[in-house]
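Chemist: Supplied in structure tokens, the structure appears directly below.
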Amino acid sequence: MTIREVATTPFPDQKPGTSGLRKKVPVFQQPGYAENFIQSILDSLEGFAGRALVIGGDGRYHNRAVIQTAIRMAAANGFGTILVGRGGILSTPAASHLIRLHGAFGGIILSASHNPGGPTEDFGIKYNIANGGPAPERITDAIFARSKTIDRYRIFDAPDVDLDRDGETRVGDAVVRVIDPVADYATLMEQLFDFPAIRELIGSGFRIAFDAMSAVTGPYAIEILEHRLGAPKGTVRNGTPLPDFGGHHPDPNLVHARALYDEMMGSDAPDFGAASDGDGDRNLIIGKGIFVTPSDSLAMLAANAHLAPGYARGLAGIARSMPTSAAADRVAEALGIPLFETPTGWKFFGNLLDAGQATICGEESAGTGSDHVREKDGLWAVLLWLNILAARRQSVQAIATEHWARFGRNYYARHDYEGVDTAAGDALIADLRGRLAGLPGTTIGALRIEAADDFAYHDPIDGTQSHGQGIRILFEGGSRIVFRLSGTGTSGATIRVYIERYEPVGGNLGRATGDAIADLIVAAETIAGIARHTGRTAPDVIT
Ligand code: VG1
Ligand code: CO
């Protein structure tokens, strides 16, 4: 085995987005493309000689090829141990856990999350640091800068590692260990939650439907829900990870998990429905007859977390991304703990979790998690819900209704305009930005704008400043519209419009969301001119 130094030239488009570098598979298949990015990661790190690196992915098309490349390059660059999930599989939260469990230097996760997979669909690479979390902007900026000047990469000439058998091999001096992707993660869940109580709930006839969407969560959900918690076989649907996710979007929302939603709204609905995304970090929660918005789920989990053994000590604080509704803020206030508002993307929670300032975090995009790892965690949210349901012995509907009666209700929806011309998306945001100063004090129908700004974050732990994180229009009474551009897409622009209306305790808490926010939807169009800029008169996806 020899190390090869391969001369290369930069690709101009390797800027990591909200969660790593995501491109179409054919882009990643260009000679040197993945190699350049991986070498740019390695060149941006210091002090990893002889240390461990975790590598795994969500099993999508091209996963195995890039895993072999990453192993050969990590070995050639001096890592001492490389831990790889069997079959090249690791869910994002499981990878985060393994980095922490093994005291690894970091990890390379291959995923494009909820985006479709296949020969012409999406692929992604991201780097996670020693705390198990996504690399902060300081590192992703360095990776991008390096990718623009890179002129060589280092790789071992070596045969492929057999990814399908547990055990150790060597690539040069590095030990490559293929490990069970599920076992350690399942054990961690068992430590956090009251498995006997959940097992008893299930034994009493409580029915669960879990849709793994033919993505990475299948093996985890089968092991935990069916094997360890005794749910009947078949509780987990679409439980085998497929390279093309069966041709679907592995995005657990009301559009792409429609079959589950329809079942949960039907007369013979199970008691609890859930789904996860391509890489296992998102969650969809649906009770019998009730969809729980992710923002509400965060608030309800935080309000009830003490019922699970792992959180019986209480929460130090709650963190949410800016576009996530303020439902969690009211819980934090009631618990007398701090609430942190961060930019979109899990990387911004890492410092708060490391510092012990926040225990539970969440995003409106179906991401919830805690300080047990440094990624959002789909199955974790499902299990915390099940633990709460086992402790309270009430329906999801009853828990939600009581929650709103106590805290009020943040009616909430996100409207996505996908595949918009990039220049039109940029122009819409630039136009809004230019008009921000003139908006406060103006009215649209009965709505009066109280404040408008472009969200900036000052990290309270390390002082980092992040600007331009989304346009906020705040109305009197607590309603709000947020506009931002997606940072995870691979073609064109996606405009996200986040709409929220607060209904206080004693108000009308049982409305249909669409009705409750109808005037704000009209206001969003009036303020931003979405149709004028994009030619679109309706969103592609409403979540
Ligand atoms: C989206 C979500 C964001 C999430 C990110 C990664 O980003 O809005 O909340 O953290 O995806 O999630 P954006 O920039 O497209 O809005 V995942 O499940 O792709 O790792
Ligand atoms: Co994901």
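Where a number appears in this text, it was derived from the coordinates with a stated rule and is not lab data. A quick note: this is a predicted structure, and the numbers were derived from the prediction, not measured. No Cβ is skipped: glycine too gets one built from the backbone with ideal geometry, and neighbour counts run over all protein chains shown.
Chemist: How big is the Kirkwood radius of the chain, worked out from every pair of different alpha carbons and given in Å to one decimal?
Modeler: Value: 23.7 Å, from the Cα pair sum.
Chemist: Pairs of alpha-carbon atoms within less than 8 angstrom and 6+ residues apart define the contacts here; what relative contact order does the chain have, in percent?
Modeler: Once normalised by length, the contact order is 13 percent.
Chemist: For the chain, what is the calculated [θ] at 222 nm in deg cm²/dmol (nearest 500), taking -39500 (n - 2.57) for each run of four or more DSSP H residues and dividing by its residue count?
Modeler: Using -39500 (n - 2.57) per qualifying helix, the result is -9000 deg cm²/dmol.
Chemist: So what's the angle, to the nearest 10 degrees on a 0 to 90 scale, between helix 422-435 and the longest Cα principal axis of the chain?
Modeler: Roughly 50 degrees, rounded to the nearest 10.
Chemist: Going from the alpha-carbon gyration tensor of segment 141-280, what semi-axes, largest first and in whole Å, does one get by taking the root of 5 times each eigenvalue?
Modeler: Equivalent-ellipsoid dimensions as semi-axes: 37, 21, 14 Å.
Chemist: Also, quick follow-up: Out of the DSSP beta bridges found with both residues in segment 53-157, what percent are antiparallel (nearest 5)?
Modeler: 35 percent
Chemist: If you don't mind, there's one more thing I want to ask. Under 1.5 on a/c is rounded, so check that first for segment 2-181, then, if it is not, pick prolate when a/b is larger than b/c and oblate when it is not; a ≥ b ≥ c are the square roots of the alpha carbon gyration tensor eigenvalues.
Modeler: The shape class here is rounded.
Chemist: Another question about this same structure. For segment 2-181, build the charge dipole from Cβ charges (+1 Lys, Arg; -1 Asp, Glu) around the Cα centre, then report which of Pro136, Ile155, Ala112 sits farthest towards its positive end.
Modeler: Farthest along the dipole direction, towards plus: Pro136.
Chemist: List the pairs from Lys24/Lys347; Lys126/Lys288; Lys233/Lys288 whose alpha-carbon separation is above 28 Å, in the order I gave them.
Modeler: Over 28 Å Cα-Cα: Lys126/Lys288.
Chemist: Given the C-alpha centroids of segment 118-182 and segment 9-42, what is the distance between them in whole angstrom?
Modeler: Using only Cα atoms, the two centres lie 12 Å from each other.
Chemist: Determine the percent antiparallel among the DSSP beta bridges restricted to segment 199-289, to the nearest 5.
Modeler: Bridges in segment 199-289 are about 45 percent antiparallel.
Chemist: Now for a different question. Mind checking the angle between helix 294-304 and the chain's longest principal axis? C-alpha axes, 0 to 90 degrees, to the nearest 10.
Modeler: 90 degrees
Chemist: Here is a follow-up. Dividing the alpha-carbon Rg of segment 384-543 by 2.2 N^0.38 Å yields what?
Modeler: Here the answer is 1.19, to two decimals.
Chemist: If I fit a long axis through the Cα atoms of helix 183-192 and take the longest principal axis of the Cα atoms of the chain, what angle between them do I get, 0 to 90°, rounded to 10?
Modeler: With both axes taken from Cα atoms, the answer is about 30 degrees.
Chemist: Could the peptides 178-184, 325-331, 444-450 be put in order, highest first, of the mean number of other beta-carbon atoms found within 10 Å of their residues?
Modeler: Listed from highest to lowest mean packing, they are 325-331, 178-184, 444-450.
Chemist: Whole angstrom only: what separates the Cα centroid of segment 198-251 from the Cα centroid of segment 48-115?
Modeler: One Cα centre to the other: 24 Å.
Chemist: Here's a follow-up. Can you order the peptides 271-280, 458-467 by their average number of other Cβ atoms within 10 Å per residue, highest first?
Modeler: 271-280, 458-467
Chemist: For a protection proxy built on the mean count of beta-carbon atoms within 10 angstrom, sort 241-250, 257-266, 530-539, 106-115 highest first, please.
Modeler: Order by mean packing, descending: 106-115, 241-250, 257-266, 530-539.
Chemist: Report, for segment 2-181, the % of DSSP beta bridges that are antiparallel, rounded to 5.
Modeler: If we restrict to bridges inside segment 2-181, about 60 percent are antiparallel.
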